[in-house]
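Participant: Below is one structure. I have some questions about it.
The values are calculated or read from the model by the stated rules, or taken from the named source; none is laboratory data. Keep in mind that what you see is a predicted model, and the values were worked out from it rather than measured. FYI the Cβ positions are ideal-geometry reconstructions off the backbone, even for glycines, and counts take in every protein chain you see. To get the accessible areas, we keep the full protein, side chains included, count just its heavy atoms, and leave off ligands, DNA and RNA. Shrake-Rupley method; radii C 1.70, N 1.55, O 1.52, S 1.80 Å.
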Amino acid sequence: MGQGEVTPTVLVVDDDEPYRERLVRAFGRHGFAAHGAASTSEALERARELRPGYAVIDLRLPDGSGLELVREMRAMDARATLVVLTGYGSIATAVEAVRRGATHYLTKPADVDDILLAFAGATLPEGEAAAREHQVPSLARAEWEHIQRVLADCGGNISQAARLLRIQRRSLQRKLAKHPVPK
């Protein structure tokens, strides 16, 4: 950074301490003044104090939703770049995150390079407009996505996935034999 340049500040909000600390260290190596928070209440306190230009916010926090935190941080600073992270990616949640003010939405495990790319493309109005105009997926599509997520969580074990979904194994196999449902 040259003389007179201000160090950008980033707030990493995630209750997974090892992941949060790894991101904070990585942002520090990339020239950011990086800070962490483990909850929405701690994040709001730190955001009021630090006024970060960038934030990485986990969707699921122990004391509230990352979506609500996005809305509150956006109200504090309309210019801040806010990236939502989640281990439970879905189209509907991504759309809601953008509607509340998130600039981007990434699924975990996102590394600092993924997040920096999201920061760099933060002002792409085409992506935001597309997200705002997105149609809610059909019930069949939502079911298909849910089945795929559960199956992935079970490492591809159809019997275990069927138990978790509370359907018979053969029924699950029939659903999986169908092609993905259109959006």
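Participant: Please work out if residue 149 is at pLDDT below 90 and of a type outside the set (Ser, Thr, Tyr).
Facilitator: The answer is yes for residue 149.
Participant: For the range 49-62, check the following and say yes or no: at least one residue is part of a helix (DSSP H, G or I), β-branched (Val, Ile, Thr) and either open to solvent by less than 30 Å² (accessible area, probe 1.4 Å) or within 19 Å of residue 118 (Cβ to Cβ) (or both). First the steps, then the outcome.
Facilitator: Within the range 49-62, the subset part of a helix (DSSP H, G or I) is 49-50.
Filter once more, so that each one left must be β-branched (Val, Ile, Thr): none.
For the range 49-62, residues part of a helix (DSSP H, G or I), β-branched (Val, Ile, Thr) and either open to solvent by less than 30 Å² (accessible area, probe 1.4 Å) or within 19 Å of residue 118 (Cβ to Cβ) (or both): absent.
Participant: Let me ask another. Are there any pairs, at least 6 apart or on different chains, whose C-beta atoms fall under 6 Å, with the first in the range 139-165 and assigned to a loop (DSSP other than H, G, I, E, B) and the second at pLDDT 80 or above, and if so, which?
Facilitator: 154/160; 154/161
Participant: I'd like to check something: does the range 24-36 contain any residue that is part of a loop (DSSP other than H, G, I, E, B), within 18 Å of the chain's Cα centre (by Cα) and touching a residue at least 24 places away in the same chain (Cβ under 8 Å)? Outline the logic, then answer.
Facilitator: Within the range 24-36, the subset part of a loop (DSSP other than H, G, I, E, B) is 30-32.
After this cut, where a residue has to be within 18 Å of the chain's Cα centre (by Cα) as well, the list is none.
There is no residue in the range 24-36 that is part of a loop (DSSP other than H, G, I, E, B), within 18 Å of the chain's Cα centre (by Cα) and touching a residue at least 24 places away in the same chain (Cβ under 8 Å).
Participant: Something else about it: Would you pick out the residues in the range 70-119 that are within 16 Å of residue 60 (Cα to Cα), assigned to a loop (DSSP other than H, G, I, E, B) and modelled with pLDDT of 85 or more?
Facilitator: 102
Participant: Okay, moving on. Filter the range 85-106 for residues that are farther than 26 Å from residue 140 by Cβ, open to solvent by less than 30 Å² (accessible area, probe 1.4 Å) and either under 11 Å from the mean Cα position of the chain (by Cα) or in contact (Cβ under 8 Å) with a residue 40 or more places away in the chain (or both) and give the result.
Facilitator: Correct list: 85, 102.
Participant: Sticking with this structure for a sec: What residue, among those in the range 24-33 that are open to solvent by 10 Å² or more (accessible area, probe 1.4 Å) and touching a strand residue (DSSP E or B) at 6+ places or on another chain (Cβ under 6 Å), is farthest from residue 67 (Cα to Cα)?
Facilitator: Once the filter is applied, the top-ranked residue is 28.
Participant: Then there's this: When the range 71-101 is examined, which residues are found to be touching a Lys or Arg at 6+ places or on another chain (Cβ under 8 Å), small (Gly, Ala, Ser) and within 17 Å of residue 11 (Cα to Cα)?
Facilitator: Answer for the range 71-101, where residues must be touching a Lys or Arg at 6+ places or on another chain (Cβ under 8 Å), small (Gly, Ala, Ser) and within 17 Å of residue 11 (Cα to Cα): 80, 101.
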